[in-house]
Amino acid sequence: MVTKRSLFSWILHNHWPLQLLLLLIILASIFFRVVPLELQKRIINIAIELKKTDLLILYCVLFLGAAILFSSLKFVINMLQAYIGQKILLEMRDQLYRHILSLPLQFFRQTQPGTVMSSLIGELGAVSGFLGSALAVPITSVLTLLTFAGYMIFLNPKLALISLAIYPVEIIIIPILQKRFNRLNANRVDESRSMNNVVSEAISGIHEIQGNASYRLEQDKFGLFADRLFFLAKRMYWYKFGIKFYNNLFQNIGPFFLFLVGGYFTIQGQLTLGALVAFLSAFEKIYDPVKELISYYEEFQDAQVRYQCVMERFDLEPEFELLPTGRPVHHFKGEIEVKDLEYRLDNGIRLFSEVSFHAHPGELIALVGFSGSGKSSLAMVLGQMYPYRQGNVLLDGHELRELTKMDVTCNIGFVAQHPFIFNGTVRDNLLYGSRALLLAEGEGSKRTLPGREKVFEMLRTVGLAEDVTRFGLNMIISRECCEPMMKHFIWMRQLIRERFGEKLAEVVEPFDVNNFLHHSTLHDNLFFSDVYPAEYLPENLPRNQNFLKFLADMKLDESLVHLGMELARKTVNLFEDLGENESFEFDASPMRPESFETYRTMMPRLLLGGTRTLDRKDKELLLFLALEYVPAKHAIVSIPESLQENIVRARHRFIEDVVGVDLGTCILPSERIDEARLKHTERKGFSLHCGTEYMFSHTALENLVYGNLKEEHTAAAAALLAQIMDLLKKEEMDEVMNAGLDFEVGSKGDRLSGGQQQKIALARAFLKEPPILIMDEATAGLDNASQALIQRFIENQLRGKCTVVAVIHRLDLLPSYDNILVMRLGRVVESGNYEELMKAKGIFHGLVQGD
């Protein structure tokens, strides 16, 4: 098991070739680390003393070459160490994460997500730095130390022994201090995890904190751990800097003896000046491997503490084996036999007992009863979510507790009352179970992912087709997906205008080349486009000389700068009194919050002399502000009708003279158009709003209505959308629905309603097509119509093909079930079909009648 592995077991496992390469490079680097010392001696004793310039140049070049080679090899060593460390970290995280996912559910109920995340990401990340150098550093340091010590002994044995005598003392003291530091560090890790849990819990329950104004209560919880960490940090720094103190002390004591004794030997002629210089250099360098060994020991102790804390946290055995050994995966028909089943919590509390029933393949079994009677717990046990100790659960004669997770996932589908939706698309979530099953079965699997039509059918089955179609209509669809529906979408534009008339005008501002667009920026108004070449993007236009000349020719330059000045002045007046730390949204202004200070500093110059006092940079900023202005949205300033007319006039001229397009192309035709004109083209980088072309930068709905949706009429737009959807052909609906499958659902599906999440979970299980389906109040969050739709599918499509065990809360859904188990106080008190139980007039009859 991964949690039983030692820290060093990761170092050579799967990585020995890289470690061997690293060792060879280290050996080469040590040679080039010592060579410069000998060259120093020769430069002084031979080249300088004999006054030989040629030898001086040779030795200096060799010295430089050795230094360059050593630096290069050191760079390679560092890169290899980092690479090996990250490779080991990748393997370690992968195996530990796989182990964590297989742990019992009870573990996750007792462990905060913050603990798992900090352990898997933070703590192991810190360990990886040590793992990459676990072999390289001690080998390099020891070999370097021995090499330098040997060279020093070669130069003068007595001086070498005196100089090296201080290191054993340092090697004794430093580890003692380090052990005390490590104990404190282990406590710090535990306290940090506890603090992470407090913060994680507070963020998850922020609605309760704000609803109860329990800020002080949560702050006190956080403060308790913060104080403990502060106390630990003080003590840790005491030992940390104590270690550094002794390091510095011993590092400076050495030179004292070296200068004293070495100088004496040189004066007495027992040591040459060149040898003394080389000895000094060797002594300075010999401390580097000693320091590296001490640092290595510190890092090893820190990594060991972190590693042990992480592995001890997850040192649990999975409740069930993941894969079968020596046999293929079982594939069942769906028979379930339960005999005297009992389930107790770890603390001994019994949730249910003496539960027995028999379900033949394809039967529908319902679990009903009072709240707390054990229905959901029974469903969890049958789905192998909880382990049982007493009784039997037989699937086609095989004991459930002895089956592997692979056996279960291939044969059982499970839908919870509160399903989890993963971050990603609707399609990803629908196919989640099917993809997992395909990967689990491996390359030899005959299983395939559900096809497009199968997915569409399931969306209609669970009542999700309309929702996904809406998603698609409000998305920008790729060119490939547009092809099948593009022609009809363009043809429908005139039909929609004729059909909905005033209702359409209420929620949509149509793209009309002859009218000013109040729901578009002035930038988009000028060009009647929303795709531009780089030089015509809003941020580049104020410096575009061709555009500035065009504005001057159309007499728009001063008007737009003046409009920008009004926008800047009113925005600054509105927001300048807000405190520095107060947050605010510029909904009524096109000004961006990060630009507010820039425009505020401009105001004094504007007040003094208007635009005449502004420099070129100021005018560029004001022009940019005007181009970002949306009249219908930024109510802080109104735009004069005369300026609107001038902008439309400039638009006409720009389209014809600059883009080179006939204005007639941009008018929505009053009758069906020739298919040859349907292809969308970009002229000189512009994508005009042409009525005869599909606009690939707009949503499908905006293409249908050929205009901007007004934000202030979203409710009316939703009602209109439902009517427009009725006009779509089935083929077009399918294409839009296919696009809607790529809708991003957000973290935990937070962009979906609760009902939509439940429907996705149901469709996910149905698409898996398991022989056994367990549903724990899986339709409780749905409306009556959706529940009835799903119940019809279960009765008509699953009966005889899939054994269904469903916890039911709506008793009117029960008549179609083959067997109903009525539970009370953890026991099955009645069983039979609907008619039998009603005739018995027992507990079930009372539940139905509301007695």
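The values are calculated or read from the model by the stated rules, or taken from the named source; none is laboratory data. Note that the structure is a prediction, hence the values are computed from the model and not measured. Glycine also receives a Cβ, built like all others from the backbone with ideal geometry; neighbour counts cover every protein chain displayed. Areas reflect the complete protein model, heavy atoms only, side chains present, ligands, DNA and RNA absent. Shrake-Rupley method; radii C 1.70, N 1.55, O 1.52, S 1.80 Å.
Net charge of the neighbourhood of His519, taken over other residues with C-beta under 9 Å away and scored Lys/Arg +1, Asp/Glu -1, is 0.
Which length gain, in nm to one decimal place, applies between Thr53 and Lys748 when the Cα-Cα distance is subtracted from 0.36 nm times their residue separation?
Working: separation 695, 0.36 × 695 = 250.20 nm, distance 7.63 nm.
Roughly 242.6 nm would be gained on extension.
So which of Lys633/Lys684; Lys555/Lys619; Lys74/Lys244 end up more than 18 Å apart, counting from Cα to Cα? Don't skip to the end; give the middle numbers.
Working: Lys633/Lys684 30 Å; Lys555/Lys619 16 Å; Lys74/Lys244 25 Å.
Distance filter (> 18 Å) returns Lys633/Lys684; Lys74/Lys244.
Extents of the chain, taken as max minus min of Cα coordinates on every principal axis and listed largest first, are 113, 92, 57 Å.
Contact order for the chain, expressed relative to its length and based on alpha carbon pairs under 8 Å spaced 6+ residues apart, stands at 18 percent. Calculate the tail of P(r) for segment 7-54: the fraction of all Cα-Cα distances greater than 14 Å, expressed in %. Cα-Cα pairs of segment 7-54 separated by over 14 Å account for 68 percent.
Taking the 1.4 Å solvent-accessible surface of segment 806-851 as the whole, the part contributed by carbon and sulfur is 47%. Annotation: extensible slack from Arg605 through Leu23 equals 202.7 nm (criterion: 0.36 nm per residue apart, minus Cα-Cα distance).
Straight-distance candidates among the lysines for linking to Lys839, with alpha-carbon spacing under 27 Å and chain neighbours fewer than 8 residues away dropped: Lys339, Lys375.
The gain in end-to-end length when the Ala840 to Asp227 segment is fully stretched comes to 214.1 nm, 0.36 nm per residue minus the alpha carbon separation. Highest-first packing order for the peptide set 457-468, 186-197, 653-664, 792-803 is 457-468, 186-197, 792-803, 653-664, based on the mean count of other beta carbon atoms within 10 Å.
Spin-label model, Leu495/Ala718: points 7 Å from Cα along the beta carbon direction are separated by 2.7 nm.
Sites listed here are chymotrypsin sites (Phe, Trp or Tyr not before Pro) in segment 1-102 whose DSSP assignment is loop and whose Cβ has at most 16 other Cβ atoms within 10 Å: Phe8. Distance between the modelled labels on Met1 and Arg93, one decimal in nanometres: 2.4 nm (7 Å Cα→Cβ projection). Pairs with C-alpha atoms separated by more than 29 Å, drawn from the list Lys87/Lys291; Lys4/Lys405; Lys503/Lys748, are Lys503/Lys748. For Arg479 and Ala505, a Förster radius of 30 Å and the Cβ-Cβ distance give a FRET efficiency of 0.50, rounded to the nearest 0.05.
Which lysines have a Cα less than 22 Å from the Cα of Lys454, not counting those fewer than 8 places away in the same chain? Of all the lysines, those that pass the test against Lys454 - Cα under 22 Å, at least 8 places apart if same chain - are Lys446, Lys729, Lys730, Lys759, Lys768, Lys801.
So for segment 48-183, considering every pair of alpha-carbon atoms, how many percent are separated by more than 26 Å? Cα-Cα pairs of segment 48-183 separated by over 26 Å account for 57 percent.
A cut-off of 5 Å between modelled amide H atoms, ignoring neighbours fewer than 5 places along the same chain, links Cys690 with no other residue.
Counted by Cβ distance under 15 Å from Leu345, the other residues give a net charge of +1, where Lys and Arg count +1 and Asp and Glu count -1.
Between Gln417 and Asp776, the built amide H atoms are under 5 Å apart, and every one of these is 5 or more places off in sequence or on another chain. Within the shell of other residues whose beta carbon sits under 14 angstrom from the beta carbon of Glu441, the net charge comes to +2, with Lys and Arg scored +1 and Asp and Glu -1.
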